[in-house]
Amino acid sequence: MKKVYILLFAVIAFVFTSCSSDDNAVVEVPEEVLEGTNSVSFVFNHQMFGEDIVYDQYYKENSIGESLNITFLKYIVSNFVLIDEKGAEFTYKKDDSYFFVDSKTKDFKITLNNVPAGRYSKVKFGVGVDQEKYLRGMEDQQEFWDLCKEHDLIWGWITGYKFINCQGLFKTGGQDEEGFQLHIGSHGSKLDNYKEVLLKSPQHFVVSAKHKSTVHVDLEVSKLLDSTHKIALKESPYIMIDAVRAPKIMQNAQTMFNIRSIVIDKE
Amino acid sequence: MFKECVFISLCLLLLSCSKDQSERYSDDIDDAYELIIPSNFPSLSYQYVNNGLKKSRIELGKVLFHDVRLSADNTISCASCHIKEFAFSDYGKAFSIGIDSLVGKRNAPAIQNMAFMTEYFYDGASNNLEMVPIVPIHNEVEMRENLPSIVEKLRSEPMYRSLFEKAFNDREITSTSMLKALAQYMAVMISSNSRYDRYVRGEKGGTLSQIEKTGLQLFQQKCAACHSTDLFTDQSFRNNGLQVNEKLNDLGRYEVTGFDEDKFAFKVSSLRNVELTAPYMHDGRFNTLEEVLAFYTNGIVDSETLDPLLKRKDGRIGIELSSDEQHAIIRFLKTLTDHQFIANPQL
């Protein structure tokens with residue numbers, strides 16, 4: 001196994017294309033034919049203000065003037081769709097497309113297996129669990145439900161998943177510290193907080209029998225409260241079933257993710 | 001790679017075979033249960049996807065429903081607070097007593113016609129019948145248990161091994177099978193043979209007295225906007241104008257949705273077997289139907305979220321009913337008592 005960075009490919013490809021256009025001659029560079037299937041992994045790197053997250057540590061104040069100390073962050077990602085350079089979509093098997101992510105485990109990795117060969121440029125996924133899956137009954141939940149139960153991503157007093165569970169301490173303007181808890185999920189049948197994220201990759205992630213890709217995704221955790229919407233914890237440190245703030249936090253969550261780089265393992 | 005493919009295909013084949021087999025296993029004709037949907041009922045909400053009705057599953061559900069192992073200290077079963085003779089409500093108790101003798105804050109509702117409902121509990125905490133038991137199981141003052149722990153307890157009971165095997169071909173005993181069996185048992189708790197039912201279906205024994213007929217007519221005019229269909233609930237959540245109990249400060253539907261408009265809204269209760277399910281309202285504050293009707297006539301408290309149906313055109317609130325009319329409605333409501341249901345040996 002030899003590790004090759006796609007960037008190198010891109011540079012070479014660029015050199016080739018520029019050469020050919022300079023020469024104004026038709027120099028066919030046959031693109032490598034991609035066949036078979038392989039896995040695509042996603043590694044989630046959790047950050048605060050661009051640095052790897054450290055638990056039990058206060059960070060500088062956010063734009064709302066609140067300093068956070070994160071002690072717990074787990075969430076659910078689901079329904080992965082890979083989109084290739086031509087816009088064709090590969091939807092990962094729904095039954096296998098639910099994952100939880102623990103920010104405490106550095107480089108938390110999830111893997112999609114048997115992805116068909118292709119040059120993918122975008123990935124779409126959900127944060128949380130869609131209502132359709134939920135309403136299919138217990139048979140469809142069992143394994144994932146048990147897993148989520150173990151990781152405090154299940155509500156007991158209502159039947160549903162916590163899409164995001166984030167806890168910690170905060171200080172507002174040098175005042176005493178207070179605890180905060182965000183338990184964000186769908187509100188029964190009335191408010192569906194499941195949200196989709198679409199990420200463009202800076203480089204193609206190549207998949208074939210010979211190419212295995214790993215997508216490194218950065219998550220800027222501070223954006224959960226400080227992004228499209230500014231959520232002041234001082235006003236409401238315990239956000240659980242909140243019809244105003246919960247959807248805003250989910251919209252903020254959509255902006256947290258960013259693909260940093262792609263690593264391709266080539267046989 | 002080819003080898004891998006073959007291996008995966010083989011696995012898939014094996015998987016599909018075993019799945020077919022398990023279905024075939026439970027497709028035993030003697031075990032089939034035919035669900036008869038009463039002709040005066042709306043269509044089913046619970047679709048039995050991946051959970052075909054079987055006698056063996058209903059039986060298992062019944063055993064589980066009565067099993068105290070579903071609570072942390074093995075003292076409380078579902079049946080502790082949902083008693084068959086009272087249409088699976090907790091007769092006489094405003095609030096039921098749970099684990100460690102703790103008291104809840106809502107009246108245990110009757111369990112009946114669940115497969116026709118889309119949302120459960122006074123606040124809609126669940127919209128999936130198979131998930132319903134999760135709420136009381138996890139509730140700190142009810143059963144305070146969790147699924148993996150219950151499954152562990154069940155696995156140590158030889159009786160369950162054969163019951164689960166018979167019902168689901170599940171020797172392992174999983175919480176999925178357990179919840180499916182409980183859903184089946186609750187799904188066959190169908191109350192549809194009251195005197196009123198026989199009356200509307202034109203069946204033998206379906207006679208109503210004059211006063212009961214008057215009550216029915218009044219009911220249709222004054223109550224059926226919310227207590228609609230022959231389920232006697234439109235399954236909506238409404239604030240019916242009960243004075244807020246400051247001590248409990250139960251926000252009702254708001255606790256599940258977080259929308260201000262849902263504050264103090266509770267699910268419209270079915271009135272089937274209402275004669276058996278006293279006391280009434282989400283907090284069991286009224287002991288008699290007379291009190292309930294009197295409340296609707298002149299006890300309703302106005303508030304921001306009071307249901308608009310309870311506001312009259314003349315600006316007053318409540319339902320206009322003379323005491324004779326209230327009496328007639330109560331007489332009608334008592335025709336909804338289903339003696340067959342509470343005597344059904346299968347339940």
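No value in this document is a laboratory result; all are computed from the given coordinates. No experiment lies behind these values; they were computed from the predicted model shown. So basically every Cβ, Gly included, is an ideal-geometry build from the backbone, and we count neighbours across all protein chains shown.
Tabulated values for the structure
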item	result
Flagged links, alpha-carbon separation over 22 Å, of A:Lys122/A:Lys190; A:Lys171/A:Lys223; A:Lys104/A:Lys149; A:Lys74/B:Lys263	A:Lys122/A:Lys190; A:Lys74/B:Lys263
Cross-link reach list, lysines versus B:Lys313, counting only Cα pairs under 16 Å and skipping chain neighbours closer than eight places	B:Lys222
Residue-averaged [θ]222 nm for the protein assembly as shown, counting only DSSP H segments that reach four residues, each worth -39500 (n - 2.57)	-8500 deg cm²/dmol
Lys pairs under 15 Å by Cα in region B:27-187, provided they are eight or more residues apart or on distinct chains	11
Neighbourhood charge, 13 Å Cβ-Cβ cut-off, centred on B:Arg198 and excluding it, Lys, Arg +1 and Asp, Glu -1	-2
Rounded if a/c under 1.5, otherwise prolate or oblate - the protein assembly as shown, Cα gyration tensor axes	prolate
Of the DSSP H helices in chain B, those whose Cα atoms cover at least 20 Å axially and whose Kyte score averages -1.0 or more	B:2-26
Rounded if a/c under 1.5, otherwise prolate or oblate - region B:66-202, Cα gyration tensor axes	oblate
Listed residue (A:Leu73, A:Met256, A:Gln175) projecting farthest to the positive dipole end of chain A, Cβ model	A:Gln175
Mean Cβ count within 10 Å, highest first, over the residues of peptides A:177-190, A:153-166, A:249-262	A:153-166, A:177-190, A:249-262
Only Lys, Arg (+1) and Asp, Glu (-1) charged, at Cβ; the protein assembly as shown dipole about Cα centre in debye	600 debye
Dipole-positive endmost among B:Phe295, B:Thr277, B:Gln346 within chain B (Cβ charges, Cα centre)	B:Gln346
Nearest-ten-degree value, helix A:6-23 long axis tilted from longest Cα axis of chain A	40 degrees
Neighbour-count order for A:Met240, B:Met189, fewest beta carbons within 10 angstrom listed first	A:Met240, B:Met189
Point-charge dipole on Cβ atoms (K/R +1, D/E -1) for region B:195-343, about Cα centre, debye to 20	500 debye
For chain A, size of Cβ-based charge dipole, Lys and Arg +1, Asp and Glu -1, in debye	160 debye
